[in-house]
């Protein structure tokens, strides 16, 4: 099992064509290269080479909800989607609110070998919103946590949010806020507007997101802290963040692929595959989000990959779980929503799906531009392929994808992580092989 | 017609055809023997996830008068309250050979989920889902209005030019939604009156005018005033200050009732809160259609079951 890979004739994000040599645990050379001995050669004619994708917002479900996903299956889904690193959200059971839990997750990720698993720590104990979790202990643990989030719940108490923002400055941390005013969204089922009134579903008003973001950017300004806003979903939120950035506030924001592409009209048939939190919004919102991603108001795309077992979605709308799987489809959806129409080029895609998320999360060895000496994290994407997204494209444990049956452009052909291929010819490598490669790579790097 | 899930998708001709069949059914109800053999051998299940004795017995009477076998499945106290899913319940009914399922559910869209999921082949009648639709209530309201206006010459007619004011908790009312779609499809002009807190935030796409002033609406001499039930729990969620203020501002009290023209019908889907949204005098007056609505409910539900379950079921 060679650790020396020569990729021939790939198109770099800049548009230049180049050969790429991965050797000795780094990208050894980029340019016109003749094959060295023992290298596995990959023909990348027509393929785009991107730095390995980094997802700042993934739910891996382990520990506690292994019927939905595990670290192994979730990182297989990540690899299938071209990701080489995922930030694992804290809403596991037990909640990732102690050093022990985050270290366990990171270690499960290392032994599975498909992607770097960087745990996110909970802001509050048990995600209860009452008292701060041991943020410092998680930061100093072997998991080296820098991103903290109660995602799934909003840190709605303004004083607690202020303290959290201030406290994590001690170790260059960031609070990633799930912006949802809880009182304004009691029982909420979908975006509040014309359609919710007609369908008789309790509305989730845009103001419930926008008011929290407005409060938080002002808090971040007041205490001089760094704030990250999860899954921005409304045109109004974009305006608030644009204002905050113009004012010099240290805020970053993410949008999900589904909020870029899908709209609330899909809910008309009450199909729970389209139930997600925050909810799908109006067409105007998707357009504002795309423009914001293009002009940098929104910094990154993050999947909010949220696996659920079949029974959690096979029900009446109210009883169904919120969430969609998104790792495997993310790059194709971004391609469809903002690349095909020219809003983003491939260097922008590398920025929003790899470089900036790694930087926000302070994750080393990820999100580095493809150049000699960079970490050997790489994705090869075929932009010309267009196909119906089907079950065959899903590699995780759950199948709650809103894209099944929809034609999407592009396809991930290969993913390289830590110098070895986790996906080759569009197929996820078997877990035993990957674990062995990971063990060898870890041994090689860390002695 | 394969299912009756709402009135929004119902066309004018289809709606009038159903109301005309209901006229035939009403004629049968005046005979000494009220029973027709039409649905003999068919099984209709009343699947009620919410208590509603009135609606259930109305459907039960309708099915029995068409000679169908009726099974009442109340979700309370059954395996459903112990966590059985809608899917498992549906598959149980399928295995029992249900031809029609009349479903009342607290979740908006549950009848549509049942009808389109592939879990069951039966025709589905929505008997009220969450705050979405209650199509047979709107049909019986339309039937009642048409009969009052046109009597024996009702057949074939719509409700063109009829001015209807619907008053009360529009936000949470499936009756209001179904009536807005159906009455306007039939040609009526619909006006909604409610406290601003009890109207959906965006009704711009609804084919109805929305106002907050009941006296102004009544001054337009409407043909029909339909009062909706106000539920006590709304008061605790700050939709309005208290029941006295509600009754003063949006209730059909004696003074407002007396100012109405003698031809104006007063409707209520029941059950009524006398003294809150409607005064006893208004409810019991000859202008009130409340009891007719109950009787007509059986005829309309017979018509719906007949259209769904007799002979070949169509594609839509």
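The values are calculated or read from the model by the stated rules, or taken from the named source; none is laboratory data. For clarity, every value in this text was computed on a predicted model and none was experimentally measured. When we count neighbours, we look across all protein chains shown, and the Cβ atoms used for this are built from the backbone with ideal geometry, even at glycine.
One table, with the values for the structure above:
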| item | result |
| --- | --- |
| Among (1) in contact (Cβ under 8 Å) with a residue 60 or more places away in the chain; (2) in contact with a strand residue (DSSP E or B) (Cβ under 8 Å, 6 or more places away or on another chain); (3) under 27 Å from residue B:227 (Cα atoms) - the single one residue B:105 does not satisfy | (1) |
| Single residue of segment B:100-127 satisfying the filter (within 14 Å of chain A (Cβ to nearest Cβ) and surrounded by fewer than 24 Cβ atoms within 10 Å (Cβ to Cβ)) that is farthest from residue A:189 (Cα to Cα) | B:120 |
| Search result, residues across segment A:181-234 that are more than 14 Å from chain B (Cβ to nearest Cβ) and on the phi > 0 side of the Ramachandran plot | A:224, A:231 |
| Failed condition for residue B:159, given (1) closer than 30 Å to residue B:239 by Cα; (2) free of Cβ contacts under 8 Å to residues at least 40 places away in the same chain; (3) touching a helix residue (DSSP H, G or I) at 6+ places or on another chain (Cβ under 8 Å) | (1) |
| Subset tally (residues that are closer than 30 Å to residue B:89 by Cα and part of a helix (DSSP H, G or I)) for segment B:8-54 | 3 |
| Segment A:27-61: number of residues that are surrounded by fewer than 20 Cβ atoms within 10 Å (Cβ to Cβ) and part of a loop (DSSP other than H, G, I, E, B) | 10 |
| Qualifying residue in segment A:243-251 (condition: in a helix (DSSP H, G or I), touching a residue at least 60 places away in the same chain (Cβ under 8 Å), out of contact with any strand residue (DSSP E or B) (no Cβ under 7 Å at 6 or more places or on another chain) and on the phi < 0 side of the Ramachandran plot) | no |
| Cross-chain or 6+ apart pairs with Cβ under 9 Å, segment A:36-53 first and without any contact (Cβ under 8 Å) to a residue 24 or more places away in the chain, then surrounded by 12 or more Cβ atoms within 10 Å (Cβ to Cβ) | A:37/A:4 |
| Total residues in segment B:192-209, condition free of Cβ contacts under 8 Å to residues at least 40 places away in the same chain and surrounded by fewer than 19 Cβ atoms within 10 Å (Cβ to Cβ) | 8 |
| Elements of type strands (runs of 3 or more DSSP E) in segment B:55-161, at least 3 residues being modelled with pLDDT under 95 and not assigned by TED's automatic domain parsing to the domain that holds residue B:176 | B:69-74 |
| Candidates A:102, A:86, filtered to the one that is in contact with a helix residue (DSSP H, G or I) (Cβ under 6 Å, 6 or more places away or on another chain), within 24 Å of residue A:353 (Cα to Cα), part of a strand (DSSP E or B) and assigned by TED's automatic domain parsing to the domain that holds residue A:162 | A:86 |
| Single unsatisfied condition, residue A:318 versus (1) part of a loop (DSSP other than H, G, I, E, B); (2) within 14 Å of another protein chain (Cβ to nearest Cβ); (3) farther than 24 Å from residue A:62 by Cα | (1) |
| Any hit, segment B:67-76, residues being in contact with a helix residue (DSSP H, G or I) (Cβ under 6 Å, 6 or more places away or on another chain) and surrounded by fewer than 14 Cβ atoms within 10 Å (Cβ to Cβ) | no |
| Members of segment B:42-62 found to be loosely packed, with under 14 Cβ neighbours inside 10 Å and in contact (Cβ under 8 Å) with a residue 24 or more places away in the chain, listed by number | B:51, B:54 |
| Leading residue by the ranking (farthest from residue A:194 (Cα to Cα)) among those in segment B:182-215 that are assigned to a strand (DSSP E or B) and away from chain A (no Cβ under 14 Å) | B:189 |
| Residues that are within 30 Å of residue B:50 (Cβ to Cβ) and away from every other protein chain (no Cβ under 14 Å), drawn from segment B:153-181 | B:159, B:164, B:165, B:166, B:167, B:168 |
